[in-house]
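In what follows, a structure is listed as structure tokens, so that the remarks can point back to it.
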Amino acid sequence: MKIACFSTKSYDRESFDRFLSETDHSFSYFDAKLDKHTVSLAEGHDAICTFVNDHIDSGIIAKLHQFGIKLIALRCAGYNQVDLKSAAEHGIKIARVPAYSPEAVAEHAFALILTLARKTHKAYNRVRENNFSLEGLTGVNIHGKTVGVIGTGAIGRAFCRIAKGFGCTILAYDVFENDEMKQLGVKYLPMNEVLSKSHIISLHCPLTPETHHLINSESIAHMQNGIALINTSRGALIETKSVIRALKNKKIGYLGIDVYEQEENIFFKNLSEEIMQDEQISRLMTFPNVLVTGHQAFLTKEALEQISRTTLGNITAFEQGDTLVNEIKPS
Ligand code: NAD
């Protein structure tokens, strides 16, 4: 099949090229994000391959249908960015990569926690200027802390296993409780109790209409003073303006985010020569206790390999008329 691959970075190309020779597919790589201006690049292809910030609304789907696109191969797990109903109405199938490396994301969440707890981001800069003073570098132990996990799917479960190794008490909220986690010692509680009893809260649920702005001024009011809030899931789980207010009044003691509500026009780009127009991310970056990474939690060699293999597997299954095990259908 001929596949138009949008939002391609060098690491995507390298990873797909390693495995393409094992298939009969050909990829056209486009740096451009998929939108109404770039959708015409899909013409002449059988399928498209997209990532988290390629918004596929009904207008784009109508165009893709017009170009004869039959499959959208998402090279990510989340699918909140796709109008599934419209795709189904146009007979376009959607497949995703459900789990490429839950550990990659869970380990990144812990990297954010450890960096904020031990201020290694500050130490790194300090020693490079031959400043070996320890003033202001007092940290906190993770051992013995209570960690609240919202969403115990593949990533949440990997996160719980790491937290267990650190000697944390683990509380969780999920619409479905998981037996393996209960055996690990995870205690499921209503969401507000998880928020009120935890020192660290890590978000691992998907973005849905129910979870949009899950963290807002009301839910923050339930949290302990000085809470560490970590989000490696989707930016809009957090209402950014409420979090900024809570950082200013010290209700939130640490914030580690790999995703941001308005990341679409900022992340995955080098904007170092531009004037930042987004007031909220600029404000967030002024806090010494805030750590922002640009949606890189997934970015490990192991995860990229899994993404390429599963995406190519999805495309081949579609082409051969096999069961599309990773298909997403409208609920
Ligand atoms: P998953 O589907 O395995 O697990 C999601 C869990 O959330 C499920 O257990 C589900 O029951 C639970 N859930 C659903 N609605 C909920 C609600 N209202 N409240 C509490 N829990 C709820 O997904 P996953 O693989 O663990 O991924 C989780 C999320 O991580 C994805 O949706 C995606 O947005 C994000 N993600 C981010 C990156 C990154 O690079 N930062 C990479 C991959 C995934």
**Request:** Sort 126-132, 53-59 for me by packing, meaning the mean count of neighbouring Cβ atoms within 10 Å per residue, highest on top.
**Result:** 53-59, 126-132
**Message:** Checking the a/c ratio against 1.5 first, then a/b against b/c, what shape does the Cα gyration tensor give for region 38-187?
**Reply:** oblate
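Subtracting the Cα-Cα distance from 0.36 nm times the residue separation, let me have the gained length for THR286 to ASP179 in nm, one decimal.
Full extension from THR286 to ASP179 adds 34.3 nm.
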**Prompt:** Taking LYS269 as the anchor, which aspartates and glutamates have their alpha carbon closer than 20 Å to its alpha carbon, excluding any fewer than eight residues away along the same chain?
**Reply:** ASP12, GLU14, ASP31, ASP35, ASP54, ASP258, GLU261, ASP278, GLU279
**Complete:** Too long for a 20 Å Cα-Cα cut-off, among LYS119/LYS241; LYS187/LYS251; LYS164/LYS187; LYS145/LYS241; LYS145/LYS187, are LYS119/LYS241; LYS187/LYS251; LYS145/LYS241
**Item:** Residue-wise HN-Hα coupling along region 296-307, computed from phi with Karplus coefficients 6.51, -1.76, 1.60 (Hz; x: Gly, Pro)
**Value:** 10, 4, 7, 7, 10, 4, 5, 5, 4, 4, 5, 4
**Separation of alpha-carbon centers, region 226-289 and region 31-91, rounded to whole Å** = 28
**Request:** Mind listing the lone cysteines of the chain, meaning no other Cys beta-carbon sits under 4.7 Å from theirs?
**Result:** CYS76, CYS160, CYS168, CYS205
**Message:** I need the peptides 203-212, 257-266 ranked by packing, meaning the mean over residues of other C-beta atoms within 10 angstrom, with the highest value on top.
**Reply:** 257-266, 203-212
**Request:** Calculate how steeply helix 102-118 sits against the longest principal axis of the alpha-carbon atoms of the chain, using the helix alpha-carbon long axis, and give the answer as 0 to 90 degrees to the nearest 10.
**Result:** 30
**Relative exposure of TYR188, TYR11, judged by other C-beta atoms within 10 Å (fewest first)** = TYR11, TYR188
**Fill in**
Close lysine pairs (region 1-115; alpha-carbon distance under 15 Å; 8 or more apart or on separate chains) counted at 7
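Read-outs throughout are calculated quantities, based only on the coordinates presented, and are distinct from any laboratory measurement. Predicted model only: the values in this text are computed from it and were never measured. Backbone-built Cβ (ideal geometry, glycine too); neighbour counts: all protein chains shown.
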